[in-house]
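A quick write-up on the structure given underneath.
The values are calculated or read from the model by the stated rules, or taken from the named source; none is laboratory data. Every value quoted in this text rests on a predicted model; they were computed, and no experiment measured them. When we count neighbours, we look across all protein chains shown, and the Cβ atoms used for this are built from the backbone with ideal geometry, even at glycine. Heads up: the accessible areas ignore ligands, DNA and RNA and are worked out on the full protein's heavy atoms, side chains in. Shrake-Rupley method; radii C 1.70, N 1.55, O 1.52, S 1.80 Å.
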Amino acid sequence: MTTPDTTHAARTSTPAVPMVGRSVPADDAGAIVSGALSYVTDRRASGMVWAAVHRSVHPHAHLRSVDTSRAVAESGVIAVLTGVDVPNNHLGSDPANGPVLADQVVRQVGEAIALVAAVDEATARRAAALIQVEYEPLPVVSGPVTAPDEVASVSLHPGGNVAGTIGFRSGDVDAALGTAELVVEMDTVTSAQEHVAIETPGGMAEWDLGKVTIWCGSQNPGLHRRLVAHALGLDADDVRLISNPVGGAFGSRNDDPVPVYLALLAWHTRRPVHLHLSREETTVAGPKRHPYRTRVRIAVDGAGMLSAIDSRAIADTGPYVTSGRYVLKTSAEMSVGPYATPNARFDGTVAYSNNANAGAFRGFGVPQVAFGLELAMSRAAERLRLDPAELRRRNLLRAGGRHSLYGHPVGHGFRAVETLDAAAEHPFWREREAWAAGSVGPWRRGTGIALAIKGVGMGSGRGDIARARLIVATDGQINIWAGPNHTGQAIETSYRQVAADVLGLPADRIRVHVGDTELVPESGATAASRSMYAGGAAVERVCAQLRAALDEAGAGRPLQEVAAELVAAGRAEYEAEFPLPDVADPGRIPPEALAEYAPHAVYGCSAQVVRLEVNRLTGEVRLHGVVCAVDAGVAINPGATIGQAEGGVAQGIGFALFEEYRVHEGRPVTTGLENYLVPTAVDTPPIETILVPGYEGTGPFGAKGMSEVVVVPTAPAIAAAIGAATGVWPQHLPVTPERLWTALRAADGVVAA
Amino acid sequence: MSGRILLSAATESAADRLCATARPVAGGTDLLVHGLDAAPVNLVDLSRLAGRRRPVSRLPNGSIRVSATAPLSVITSADVPVPAALADAIAEFASPQIRNRATIGGNIANGSPAADLVPPLVVCDAIVGVRGSGGRRDVPIGDLLVGPGRTTLAPGEWIEYVDLAPVHHSGFRKLGYRRALAIAVVSLAWSWTRPGSGPELADVRLAAGAVAPTVVRCTRAEAALRSLRPDDVGAAARAIQDDITPIDDLRASAHYRAGALAGLVCELPMVAAHRGGKTERL
């Protein structure tokens, strides 16, 4: 980089080469790849004690007694805590979010019952194993996906097993289905997916002078601060969460209880406490993507025009609901995809079970419903002998058009047409017949395409706000504290690019800090594809204030001189907030119910093309390439955007072909990475990302969020490619070789032995 | 963890002596998976023996001797090539990092019915060179395999080398649920000679993994596979069902294992046709 040292140079205007639009490596990139970076779980302190968790071995049972005497008597044990030791034994104000430590009933294998602190890790784990729990087993609810008839049989919570429902309709769906020339139905099952963040949950906490400081990964430091304060009966100001550097999240650190465990242990022991969950603990006890069963029907006329989209979805939230209702709400909104149709209906239910607790996961309810819709679109195109891209094109919402279910305008930055075209113009799609003609032996070749949308931010009516704070020092150094937090995507690097261009200063004048509740103003979750969009906009706004002050002081003057004047005048500190825009009008949604449906004003799109081979004899699938077109508005940091796209596609491949957290009658089957398979480097084909030109008028420099939508089209594109290759349209994810082989045999008319 | 002693054997005779009272370990890649806490107290590290001998050498009788204590990546980079079936299996084995540690001896001694390297050894009529404080013995590979996790190796015995018969045509196909770091759901190794220029086959050997308590030689299918003509291949795919006793487990049903193995047999003509050319997809 050849940016001049401007400490004494004139600050004129925007630098000749803007930072926005440049691929800037993460500040920590070198330290990350060399292993030098110290993560929150690497943190140590003198006098530190080590913690371990005792977890339920039953999926559903009354706790008759919890006997900690043998653990307490073990040499080196400092503390053993159970539910009675938690001042307010709830993870938040809603009891359906579960207790901190189960004290009456356990509803999942792996649910936390007790915490142990000891002089070293081995002692802590040994003592945790000595805790004697007497269980009275209760009937197991296997969940609404695998055992829908059981939902009403045994209640896991006082109100029954239905944790939430959402329903909405526009037009007359039944009439449209009844008169359509073609109705395509998909009955899909999607599985529980584990986030597999590289760093498993953990960190450290210290108690000092009535305040607790926690170093632990979090996608929502403000929420975790409130959860800790609620459980410990503290004032939120007495809880400080420092939540990075951390190795990945993908949704798993949204409502992770580990910050609460750490605070509780530090509070009781008055010593620094370290806790780091193992991969097996995380796999069994950590949240998962909600498994869904979804029935999608689309009605199409002979010209390929959609007349109805009808979806019915049931989601398994596991023992507690946490994000479940919001996940279902997002499913409802995205159930009509990017398509315009006069008739649409969504009926959704989220239900409790004794399976893994489900929570937030990149895509947040969209991959589950988009799978069936997109597969139905591809199947309809095949039935009508239309190009699947053309069928979609005929039915796309245009920028400013109205959402098919809710009727609100989708915003002027919407680029579904351009995104689809970018993918469909790729040689993978144009030359799909030549690819198919090259099939050899049992390896049949196919190509599939799919499209998806995902709202950016929490949605209308939810008071979604990001904030930033800025201080300029006498030497001209600028510090910015902003959120949402960084959970591995190096968001602070991109925030700094925005700041540099607003201020017209070189990036090395600016430092950005995220993920510390003491310093960073409350900015909400690193979720809902909102960090770059909302956090970037807050940074843009706070920098605009300083820029105005600098301009007022006179253009062309040395920054240091002006900075010293601002400090002396008490004008060195600035704060700004960015409230995410609500929809311009709520359409069919009653205004008082806006927050319930929470439609978005801003959407991102992704279209993907997958080229693959299927072995007709064995059911194996081998991917040969993925094209990922993504509409991110203006990509602030294109390298980081492409990295997010490639990671999303890889996670989509896992969802489509490999990943299935299996539970049998409440008991985990896939308990670690030996049998819960994620794609490896050789299972992940070359991915070509196309950044679709666009501009989101409400976002910083035209940017909007994109990290979730890229995970959505991969599975339906893969399934459609399998359909094109074999004539079999897989509707149960993941498409394992055995599942596909069974479907291929059935299609060949071979009766199962 | 307490009390474990790791002894490093610098010579074969030292290894014989030490193994009499402790358990041999070479790459240690299975030991780590099973967990160090589950390991026996005393271990003898055989990995330093590998550097003392050539990893692959040709014997006067034409057989190929392959070190059982050398890392797999050393074997495939040796100047004497190993039979294609073994090379294929090593290429599919775990991951590059594990291939830099894991050994043929460990893969045999681990006794897994899904062991990737054992089917190629079976179709190459491998003779396993076993050593122990009581001396050395040569054992046909089939006589070592007893059941899941079990072999006829006596306590204190370790595997020094395997001798492979020269085979003209051979190969190995693994069906795993992903393409690296996956346990075989089924696997098939083959070797044969081609007496003429047509599709006829002779000296056919077939061995399958993950479809019986041990890797199994599939003699009924061998008898049926007289040629690579569709009718003989179909007959072999049917006959192999009587050579195997697959079970349902976490990874797959017995029904699928049987069907997929039949599929691997049906692929053989295509695989054979592509031998010598690009084999990336096979």
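Which of the residues that make up region B:161-188 are part of a strand (DSSP E or B), more than 9 Å from every other protein chain (Cβ to nearest Cβ) and not charged (D, E, K, R)?
Within region B:161-188, B:Y161, B:V162, B:L164, B:H169, B:S170, B:G171, B:F172, B:S187, B:L188 qualify.
Hey, can you tell me all the residues within region A:404-451 that are in contact with a Phe, Trp or Tyr (Cβ under 7 Å, 6 or more places away or on another chain), away from every other protein chain (no Cβ under 14 Å) and over 25 Å from A:L691 (Cβ atoms)?
Result: A:S404, A:L405, A:Y406.
Among (1) closer than 23 Å to A:E575 by Cβ; (2) over 20 Å from the mean Cα position of the chain (by Cα); (3) crowded, with 23+ Cβ neighbours inside 10 Å, where does A:I449 come up short?
Here A:I449 meets the rest and fails (1).
Run down A:R362, A:R392, A:R379 and say which single residue is open to solvent by 30 Å² or more (accessible area, probe 1.4 Å) and among the basic types (K, R).
After ruling out the rest, the residue left standing is A:R379.
Only one of A:G587, A:G554, A:G625 is away from chain B (no Cβ under 14 Å), within 30 Å of B:A182 (Cα to Cα) and surrounded by fewer than 23 Cβ atoms within 10 Å (Cβ to Cβ); which?
Just a single option satisfies the conditions, and that option is A:G625.
Kindly provide the set of residues from region A:214-263 that are polar (S, T, N, Q) and either open to solvent by 30 Å² or more (accessible area, probe 1.4 Å) or free of Cβ contacts under 8 Å to residues at least 24 places away in the same chain (or both), ordered by number.
Answer for region A:214-263, where residues must be polar (S, T, N, Q) and either open to solvent by 30 Å² or more (accessible area, probe 1.4 Å) or free of Cβ contacts under 8 Å to residues at least 24 places away in the same chain (or both): just A:N244.
Please indicate, with yes or no, whether at least one residue in region A:172-184 is in contact with a helix residue (DSSP H, G or I) (Cβ under 6 Å, 6 or more places away or on another chain) and either loosely packed, with under 15 Cβ neighbours inside 10 Å or more than 30 Å from A:W729 (Cβ to Cβ) (or both).
Among the residues of region A:172-184, not one is in contact with a helix residue (DSSP H, G or I) (Cβ under 6 Å, 6 or more places away or on another chain) and either loosely packed, with under 15 Cβ neighbours inside 10 Å or more than 30 Å from A:W729 (Cβ to Cβ) (or both), which makes the answer no.
State which residue is surrounded by the fewest Cβ atoms within 10 Å (Cβ to Cβ) when the search covers only region A:681-724 and only residues that are within 14 Å of chain B (Cβ to nearest Cβ) and assigned to a helix (DSSP H, G or I).
Top of the filtered list is A:A681.
Could you list, in sequence order, all residues of region A:207-241 that are in contact with a helix residue (DSSP H, G or I) (Cβ under 6 Å, 6 or more places away or on another chain) and part of a strand (DSSP E or B)?
If the condition is that a residue be in contact with a helix residue (DSSP H, G or I) (Cβ under 6 Å, 6 or more places away or on another chain) and part of a strand (DSSP E or B), then A:W207, A:K211, A:V212, A:I214, A:W215, A:C216, A:V239, A:L241 are the ones that fit.
Out of region B:173-207, which residues are of a type in the set (G, A, S), closer than 18 Å to B:I240 by Cα and out of contact with any helix residue (DSSP H, G or I) (no Cβ under 6 Å at 6 or more places or on another chain)?
Answer for region B:173-207, where residues must be of a type in the set (G, A, S), closer than 18 Å to B:I240 by Cα and out of contact with any helix residue (DSSP H, G or I) (no Cβ under 6 Å at 6 or more places or on another chain): B:A184, B:A202.
Do any residues in region A:151-175 that are over 18 Å from A:V327 (Cβ atoms) and touching a residue at least 60 places away in the same chain (Cβ under 8 Å) have Cβ atoms under 7 Å from those of residues that are open to solvent by 20 Å² or more (accessible area, probe 1.4 Å) and not in a loop (DSSP other than H, G, I, E, B), where the two are at least six apart or on different chains, and which pairs are they?
Close Cβ pairs (under 7 Å, with a partner that is open to solvent by 20 Å² or more (accessible area, probe 1.4 Å) and not in a loop (DSSP other than H, G, I, E, B)) amount to A:R169/A:R345; A:V173/A:R345.
Considering only region A:117-129, I want to know if a residue exists there that is within 24 Å of A:A351 (Cβ to Cβ), touching a residue at least 12 places away in the same chain (Cβ under 8 Å) and either assigned to a helix (DSSP H, G or I) or open to solvent by 50 Å² or more (accessible area, probe 1.4 Å) (or both).
Taking every residue of region A:117-129 in turn, none turns out to be within 24 Å of A:A351 (Cβ to Cβ), touching a residue at least 12 places away in the same chain (Cβ under 8 Å) and either assigned to a helix (DSSP H, G or I) or open to solvent by 50 Å² or more (accessible area, probe 1.4 Å) (or both).
Just one of (1) under 30 Å from A:G666 (Cα atoms); (2) part of a loop (DSSP other than H, G, I, E, B) trips up A:P342, so point out which.
(1) is the only condition that A:P342 fails.
Could you say whether any residue in region A:66-84 is modelled with pLDDT of 95 or more, surrounded by fewer than 21 Cβ atoms within 10 Å (Cβ to Cβ) and at positive phi?
yes
Across region B:51-107, what is the number of residues that are among the β-branched types (V, I, T) and within 14 Å of another protein chain (Cβ to nearest Cβ)?
Matching residues across region B:51-107 total 1.
For the structure I just gave you, tell me whether A:A544 is closer than 30 Å to A:P558 by Cα, open to solvent by 40 Å² or more (accessible area, probe 1.4 Å) and not assigned by TED's automatic domain parsing to the domain that holds A:G604.
yes
Restricting attention to region A:524-533, does a residue exist that is closer than 14 Å to A:S218 by Cα, in contact with a strand residue (DSSP E or B) (Cβ under 7 Å, 6 or more places away or on another chain) and β-branched (V, I, T)?
The answer is no; no qualifying residue exists.
Mind listing whichever residues of region A:456-466 are surrounded by 24 or more Cβ atoms within 10 Å (Cβ to Cβ) and either over 20 Å from A:G633 (Cβ atoms) or touching a Ser or Thr at 6+ places or on another chain (Cβ under 7 Å) (or both)?
If the condition is that a residue be surrounded by 24 or more Cβ atoms within 10 Å (Cβ to Cβ) and either over 20 Å from A:G633 (Cβ atoms) or touching a Ser or Thr at 6+ places or on another chain (Cβ under 7 Å) (or both), then A:V456, A:A466 are the ones that fit.
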